[in-house]
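Accompanying notes for the structure given below.
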Amino acid sequence: MIANILIGGAIFGYAGWAFYRFIKKSKEGKCAACSIQSSCSSNCSVSQEKKIK
């Protein structure tokens with residue numbers, strides 16, 4: 001019984017953490033959340049600045 005509760009808590013805890021991380025990255029925008037943003041040649045920051053202005 002206790003093992004089931006711990007396993008269920010771990011599953012729901014991880015799901016909640018993954019959902020939180022997804023929401024946090026989606027608020028940053030497409031290029032800001034990308035893992036290769038430092039070596040990317042698409043220059044998303046330039047296009048985002050144009051959209052803001």
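Since every read-out is calculated from the coordinates, none of them should be taken as a lab result. Here the structure is a predicted model, which means the values were calculated and not measured. Cβ placement follows ideal geometry from the backbone for every residue including glycine, while neighbour counts extend to all protein chains displayed.
For the stretch 14-21, 3J(HN,Hα) computed residue by residue from phi via the Karplus equation (6.51, -1.76, 1.60; θ = phi - 60°) reads 5, 4, x, 5, 5, 5, 4, 5 Hz, glycine and proline entered as x.
Applying 1/(1 + (r/R0)^6) with R0 = 22 Å to the Cβ-Cβ distance of ILE7 and LYS27 gives a FRET efficiency near 0.10.
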